[in-house]
Amino acid sequence: GENVGLHLPTLSVQEGDNSIINCAYSNSASDYFIWYKQESGKGPQFIIDIRSNMDKRQGQRVTVLLNKTVKHLSLQIAATQPGDSAVYFCAENQPGANNLFFGTGTRLTVIP
Amino acid sequence: DARVTQTPRHKVTEMGQEVTMRCQPILGHNTVFWYRQTMMQGLELLAYFRNRAPLDDSGMPKDRFSAEMPDATLATLKIQPSEPRDSAVYFCASGLGQRIGNGYTFGSGTRLTVV
């Protein structure tokens, strides 16, 4: 896919370390949030979601934290692997809206 | 794994030409979204359909873009005439349910270059 390129925030981590990717969302009315992973030449792939009545949700090797007070979302990846290298997007959705508003993305590079 | 199939994967065309992009949603999915991704704007919603009916196309330039679902297995996005500023990757996503999110699958996109 054509990832947002030149001005993407980047994060480089050593294989095996934990990664934390941050996202500030824009609309305080948003009540549903998703993290997507996008590899080169592919579409966004769902990783994990969280609703606003929660502040933490865990998946396999991933954890999403939601801080509604400061409108902040983070994605934690445990024991980062080379296959985790990709661009990560957060997306927000408001009640009654059928659109996802995507953030600009963060490029994660895992160093073997 | 069920997939959303988009064709063509790449398209290079001259300004002024008509471009048609196709999307085959996952069988049984009743909702299809079209998104466009550019370096400047990121991912933007163009249009979406439920049960083949257009529900929102407010993100689409109406004068040159059109989206249709001729049947439940095909969604099309057409640009006529194309312009260099239309160069982008166009994604479709399909799923079930009221809200896009978990359960929705994106295709691999059509990379359009208008010269």
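Rule-based calculations on the coordinates, nothing more; no lab input. Please read all numbers here as calculations on a predicted model, not as lab measurements. Cβ placement follows ideal geometry from the backbone for every residue including glycine, while neighbour counts extend to all protein chains displayed.
Beyond 25 Å, the tail of the calculated P(r) for chain B holds 15 percent of the Cα pairs.
Relative contact order of chain B: 37 percent, from C-alpha pairs under 8 Å at least 6 residues apart in sequence. Other residues within the sphere of radius under 11 Å centred on the Cβ of residue B:13, judged by their own Cβ, net out at -3 (K and R +1, D and E -1).
Under a Cβ-Cβ cut-off of 12 Å, what is the net charge of the residues other than residue B:34 that fall near it, where Lys and Arg count +1 and Asp and Glu count -1? Computed value for this residue: -1. Summary of the geometry: the stretch A:11-77 and the stretch B:1-57, compared by the centres of their Cα atoms, lie 25 Å apart.
Taking a Cβ cut-off of under 9 Å around residue A:27, the surrounding Lys, Arg, Asp and Glu residues balance to a net charge of 0, with basic ones at +1 and acidic ones at -1. Across bins of 10 angstrom width beginning at 0, how are the C-alpha pair distances of chain A distributed, in whole percent? Cα pair-distance distribution for chain A, in percent: 15, 48, 32, 6, 0. Taken along its principal axes, the alpha carbon cloud of the protein assembly as shown reaches lengths of 49, 36, 33 Å, longest axis first.
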